[in-house]
Amino acid sequence: MTRLAELVPMTQIGGTASNLSETSADGSTFPAKWSTQEQANEFEGRTAVHRAVVADEWSVLRRGIRAVLLECGVTAVTATGTTSEAVEEAETRDAELVVLGVTPDMGTRESVTHARAHLPKARIIVLEPEPERGSLLDLLGYGADALLTRTPDDEELRDAVTRVGKGERFVSPGLLGAVFGDNGLDPEEQAPAGILSDRQRFILRLAAEGRSNKQIASELFIGEATVKTHLQKIYEKLGVSNRVQAVGRALELRALY
């Protein structure tokens, strides 16, 4: 399948499409929301998300995002060009997921706070065009469940949808440095060889993705107490006291990947 990044031109596409229809390459129109019994049967059980709304000013990006959501098992997807329309559609259709890109009516932070205020139970995925540490941390604080780049690849979007559908949080690996990379330590300091073991690096990556100790233990087939022990040793090696500091420090020392 074509990657989403390949669908978006280098220059901004002018205009926005109606929230009720999209135009295909041959000029025909089709509903922005559809749901068939065949789709429902084919994708049943693949994701906890069944109804979603996508908001972005680029119609081509909306179509690409929607195509991936359908592959994930989302059976009803509505596309809009503004955040206000997206929130209204999500309320009307009782959507479990809202994907917020760049819209002309609200900035990213305002979009997230507006969506969270009106949709307290929905999962919110944010497509961030200009990631900066302060703004990304704010978005997580305001209620975003996942942070992706403006044009994520298909696998990354699928992963995010699956994770938020399970109640987890997700930050694109490409944004981890922007989120956690500045903790006031000297960025020029280099890590000693093998500062973290392979197992410790893997556990820390899972923690950076928002996994709980229980979820990490389940994935690695070990006990929660063992996970806690690994994390404590990681903190000691990095000279920090919590997960956020550990991820930031490991990224600065190039010890996470």
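The values are calculated or read from the model by the stated rules, or taken from the named source; none is laboratory data. This structure is a prediction, so every number in the text was calculated from the model and none was measured. For neighbour counting, all protein chains shown are included, and Cβ atoms are generated from backbone atoms with ideal geometry for every residue, glycine included.
Assorted remarks:
- Filtered by the rule that a residue be among the hydrophobic types (A, V, I, L, M, F, W, C), in a helix (DSSP H, G or I) and over 15 Å from the mean Cα position of the chain (by Cα), region 116-160 gives a lone residue, ALA117.
- Residue match in region 89-97 (condition: among the β-branched types (Val, Ile, Thr), surrounded by 21 or more Cβ atoms within 10 Å (Cβ to Cβ) and either touching a residue at least 40 places away in the same chain (Cβ under 8 Å) or not in a loop (DSSP other than H, G, I, E, B) (or both)): no
- Screening HIS114 on (1) at pLDDT 90 or above; (2) out of contact with any helix residue (DSSP H, G or I) (no Cβ under 9 Å at 6 or more places or on another chain) shows it passes everything except condition (2).
- Meets criteria (assigned by TED's automatic domain parsing to the domain that holds ARG62, at pLDDT below 90, on the phi < 0 side of the Ramachandran plot and within 21 Å of the chain's Cα centre (by Cα)) for VAL171: yes
- Any pair with Cβ under 6 angstrom, 6 or more apart, that starts in region 60-74 at a residue that is of a type in the set (Gly, Ala, Ser) and ends at one that is assigned to a helix (DSSP H, G or I): GLY64/LEU4; GLY64/LEU7; GLY73/PHE43
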